[in-house]
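Below you'll find the structure, written out as structure tokens, and then a few comments.
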Amino acid sequence: MTTTLLDKARQIAKPLQERAAEIEKLRTLPPDLVEDLRAAGLFGLMTPRHLGGAEAEPRRIVEVIEELSRADASTGWVAMVGQGAGFLAWMPSSTAARVVDARPDPIIVSSLAPTGAAVPCEGGLSLTGRWPYASGCRIADMMFGGFLAGPPNGGPPPLRLALLPLSGIHVHDTWHVSGLRGSGSHDVEAAGIEVPGDHVIDPFGPAVAEGALYRLPYMSYLLVAIAGFPLGVARRIVDEYMEVALAKRTAERRLMAETPLVQGDIARCDAAVRAARAGVFAALDDLWAEANAGAVTVRSRARFTGSVQHALNTALTVADTAFRACGASQLYDKAPLQRLFRDVQAAAQHIAFGQDSQRRVGAALLGRDVVLPFL
């Protein structure tokens with residue numbers, strides 16, 4: 001029987017719930033877990049097939065990240081950010097092949113904020129900058145760092161991504177936070193790193209690799225990796241709420257699971273999570289069909305983006321509902337609900353879930369002008 005990527009994710013996920021405290025304490029993923037994920041090909045979900053990656057269909061990518069996120073939010077988050085090798089599809093094929101030959105199955109993370117500054121040098125450019133929130137920087141081999149190639153000219157933002165070796169980057173120990181503690185999202189800094197010209201990509205331009213995955217627009221491509229995270233965390237929150245309800249008694253010594261209030265809560269939370277999941281996959285299927293046909297419409301982009309944002313909002317709602325219902329016992333470090341509550345609040349600060357990102361979805365659906373690269 002063939003072992004699928006999802007089978008591998010489920011196998012790795014089994015012991016993760018018991019390692020959540022360890023991962024939080026380390027503030028990064030343990031080395032053995034990193035190598036298990038690498039060996040299973042789970043950092044290569046979006047890596048081109050000709051470079052040794054899975055080049056998986058979007059549904060499978062979402063399912064794998066969902067499974068890992070359900071087991072441990074920080075692990076799911078790092079696995080999501082660790083799909084940076086997919087950007088090798090925008091590099092010249094020979095260059096990308098050399099990168100992978102030098103480090104097979106690379107773990108490449110990305111910090112896409114254009115906070116770097118580049119100056120030309122012989123053969124390429126010299127890059128200096130500091131990038132915040134560089135999730136997975138402690139466990140990665142390389143990273144793509146963002147910078148502006150010039151002033152805006154009315155077209156797509158002149159964002160470029162430069163592939164940098166982590167060995168030449170200083171990691172500032174800044175990740176002392178409330179949620180997603182195990183993601184290791186420190187600040188990283190480069191000081192005059194020389195980058196060959198063929199190690200710089202335009203993520204808004206056409207990919208070199210020909211697969212339909214790389215015909216997805218910039219934000220849609222990123223959200224394929226992100227979408228599984230809120231779905232997995234939301235489902236885990238409902239799981240934990242049910243477990244507490246089946247064991248804890250009220251002040252009147254009545255089992256929580258026997259109270260109408262909790263029964264109604266569970267019904268609403270379960271339905272909300274299932275509906276959010278169905279919405280993500282319905283929008284994703286439409287998007288993928290258009291990508292295979294050759295062109296993705298603005299409406300499909302907006303609906304997919306909106307569905308992922310809705311999934312995160314659903315996770316926030318069920319986290320608040322469960323945390324309030326289950327009482328003070330969930331305040332302790334050993335209680336999974338308090339960690340899940342913190343993790344989903346941290347994830348909600350990501351730019352993809354911000355109010356401006358949600359506004360763009362509505363603007364597109366109303367036929368208003370919108371900056372398409374960020375939809």
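The values are calculated or read from the model by the stated rules, or taken from the named source; none is laboratory data. Note that this is a predicted model, so its numbers are computed, not measured. Methodologically, a virtual Cβ is constructed for each residue, glycine included, from the backbone with ideal geometry; neighbour enumeration extends over all protein chains shown. Areas reflect the complete protein model, heavy atoms only, side chains present, ligands, DNA and RNA absent. Shrake-Rupley method; radii C 1.70, N 1.55, O 1.52, S 1.80 Å.
Values for this structure:
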quantity: Mean Cβ neighbour count within 10 Å, used as a protection proxy, ranking 7-13, 164-170 highest first; calculated: 7-13, 164-170
quantity: From phi via Karplus (6.51, -1.76, 1.60), per-residue ³J(HN,Hα) for segment 29-45 in Hz, x at Gly/Pro; calculated: 7, x, x, 5, 5, 4, 6, 5, 5, 5, 4, 7, x, 7, 8, x, 4
quantity: FRET efficiency, 1/(1 + (r/R0)^6) with R0 56 Å, evaluated for THR259 and VAL171 via beta carbons; calculated: 0.70
quantity: Rounded to the nearest 20 debye, dipole of the chain from Cβ charges on Lys, Arg, Asp, Glu; calculated: 920
quantity: Aspartates and glutamates whose Cα lies under 14 Å from that of LYS8, excluding same-chain neighbours fewer than 8 positions away; calculated: GLU35, ASP36, GLU63, GLU66, GLU67
quantity: Heavy atoms of CYS121: accessible area, 1.4 Å probe, square angstrom to 10; calculated: 40
quantity: Shape of segment 1-52, Cα gyration tensor, a/c cut at 1.5; calculated: oblate
quantity: Accessible area expressed per residue, the chain, with surrounding protein chains retained (probe 1.4 Å, Å²); calculated: 44
quantity: Built amide H within the under 5 Å cut-off of SER110, gap 5+; calculated: PHE144
quantity: Relative contact order %, the chain, counting alpha carbon pairs below 8 Å whose residues are six or more apart; calculated: 17
quantity: Förster-model FRET efficiency, 51 Å R0, ASP7 and ALA328, C-beta, rounded to 0.05; calculated: 0.85
quantity: Protection-proxy order for peptides 341-349, 285-293, each taking the mean of Cβ atoms within 10 Å per residue, highest first; calculated: 341-349, 285-293
quantity: Apportionment of accessible area to carbon and sulfur, the chain, percent (1.4 Å); calculated: 54
quantity: Cβ-derived FRET efficiency at R0 25 Å, ARG359 paired with ASP270, nearest 0.05; calculated: 0.25
quantity: The chain: Cα Rg divided by the 2.2 N^0.38 Å rule of thumb; calculated: 1.00
quantity: Heavy atoms of LEU366 accessible to a 1.4 Å probe, total area in Å² rounded to 10; calculated: 130
quantity: Cα-based Rg and Dmax for segment 224-347, where Dmax is the largest Cα-Cα distance (Å); calculated: 17.2, 62
